[in-house]
């Protein structure tokens, strides 16, 4: 399987309340072993998945948000976040986790994985993909 | 065209598995190929053979099993999602020390890698969800 396809995982739901976000992340981690060109998109309530300071203790649920910071180690380095979805929820980039990856083509310099794009820009990102999996 | 199909919602609560079934049937009838159907999230519940819908309703699992038999379809249930939701084949039941299996004929349990592989090999991957 030498063919490389562009995979986009679209995250539209809040991190807790339903299992979609958690099971989407499980797909991303397994999929990373297939050496494809992977991107993630966060829009609608999906932008809440990336917020800092998540505390699920009282809810009795597993807090899986630290996993996003490990994605760089799996060579998953493009996390597109929709500006309008942030705006509509009163969020800014500062409310999101600082997620970085080491760029092996640039002396392993640490670079931000989160790329904020407009709604129109997100449409372009989606149009550019071979496989879109929506969660 | 070679299609890969994802079913990501459970039977009866959501129409997703019905729509996927109708799509697959129509695609096959018009000469297309369906390389795999991958059941994820609550979609794994389509594969239990213990479902008993009312007699005047459709039997979703039996529809899929019959279609799989007729066209040698590959119906794959995600193992991670299945374990959470109590979907087991005999292998898994033995391995996990459970006293029964409930997987229906024509379905098999396998890993998420099968979803990615399907995406790579199919011309189009279509998700039937909420």
| task | State whether one or more residues within the stretch A:13-23 are at pLDDT 95 or above, touching a strand residue (DSSP E or B) at 6+ places or on another chain (Cβ under 9 Å) and either more than 10 Å from chain B (Cβ to nearest Cβ) or assigned to a strand (DSSP E or B) (or both). | result | yes
| task | Name every residue in the stretch B:85-102 that is exposed (fewer than 14 other Cβ atoms within 10 Å of the Cβ) and part of a helix (DSSP H, G or I), in order of residue number. | result | B:90, B:91, B:94, B:95, B:96
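Could you pull out every one of the strands (runs of 3 or more DSSP E) wholly within the stretch A:96-135 that has 3 or more residues that are modelled with pLDDT of 95 or more, within 14 Å of chain B (Cβ to nearest Cβ) and surrounded by 11 or more Cβ atoms within 10 Å (Cβ to Cβ)? Explain how you work it out, then say what you get.
Details: elements: A:100-103, A:109-112, A:114-117, A:131-134.
Passing ranges, in order: A:131-134.
Tell me whether the stretch A:33-43 contains one or more residues that are assigned to a loop (DSSP other than H, G, I, E, B), closer than 25 Å to residue B:123 by Cβ, touching a residue at least 24 places away in the same chain (Cβ under 8 Å) and more than 9 Å from chain B (Cβ to nearest Cβ). Steps first, please.
Narrowing the stretch A:33-43 to residues assigned to a loop (DSSP other than H, G, I, E, B): A:35-36, A:43.
Of the ones still in play, those that are also closer than 25 Å to residue B:123 by Cβ are A:35-36.
Checking which are touching a residue at least 24 places away in the same chain (Cβ under 8 Å) leaves us with A:35-36.
Filter once more, keeping what is more than 9 Å from chain B (Cβ to nearest Cβ): A:35.
Within the stretch A:33-43 (the criterion being assigned to a loop (DSSP other than H, G, I, E, B), closer than 25 Å to residue B:123 by Cβ, touching a residue at least 24 places away in the same chain (Cβ under 8 Å) and more than 9 Å from chain B (Cβ to nearest Cβ)), the answer is yes, since at least one residue qualifies.
Give me a count of the residues in the stretch A:1-12 that are at the interface with chain B (Cβ under 9 Å from one of its Cβ atoms) and crowded, with 21+ Cβ neighbours inside 10 Å. Show your work before the answer.
Start the filter on the stretch A:1-12 by keeping residues that are at the interface with chain B (Cβ under 9 Å from one of its Cβ atoms), which leaves A:1, A:3-5, A:7.
Then drop every residue that is not crowded, with 21+ Cβ neighbours inside 10 Å, which leaves A:7.
So the count comes out to 1.
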| query | How many residues does the stretch B:32-59 hold that are part of a loop (DSSP other than H, G, I, E, B), within 20 Å of residue B:119 (Cα to Cα) and more than 11 Å from the chain's Cα centre (by Cα)? | reply | 1
| Exclusive hit being outside any helix (DSSP H, G or I) and within 22 Å of residue B:123 (Cβ to Cβ), set B:73, B:28 | B:73
| remark: (1) under 18 Å from residue A:24 (Cα atoms); (2) touching a helix residue (DSSP H, G or I) at 6+ places or on another chain (Cβ under 9 Å) all hold for residue A:63 apart from (2)
| message | Considering only residues that are farther than 20 Å from residue A:18 by Cα and either out of contact with any strand residue (DSSP E or B) (no Cβ under 6 Å at 6 or more places or on another chain) or part of a helix (DSSP H, G or I) (or both), which ones fall in the stretch A:60-85? | response | A:69, A:70, A:71, A:72, A:73, A:74, A:75, A:82, A:83, A:84
| field | When residues of the stretch B:103-130 are limited to those that are assigned to a helix (DSSP H, G or I) and surrounded by fewer than 17 Cβ atoms within 10 Å (Cβ to Cβ), the one nearest to the other protein chains (Cβ to nearest Cβ) | value | B:113
| query | Restricting the stretch B:70-82 to residues that are touching a strand residue (DSSP E or B) at 6+ places or on another chain (Cβ under 9 Å) and more than 21 Å from residue B:52 (Cα to Cα), which is surrounded by the fewest Cβ atoms within 10 Å (Cβ to Cβ)? | reply | B:71
| message | Can you report the number of residues in the stretch A:29-55 which are in contact with a strand residue (DSSP E or B) (Cβ under 9 Å, 6 or more places away or on another chain), surrounded by fewer than 17 Cβ atoms within 10 Å (Cβ to Cβ) and under 11 Å from residue A:96 (Cβ atoms)? | response | 2
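The values are calculated or read from the model by the stated rules, or taken from the named source; none is laboratory data. Just so it is clear, the model here is predicted, and its values are computed rather than measured. Glycine also receives a Cβ, built like all others from the backbone with ideal geometry; neighbour counts cover every protein chain displayed.
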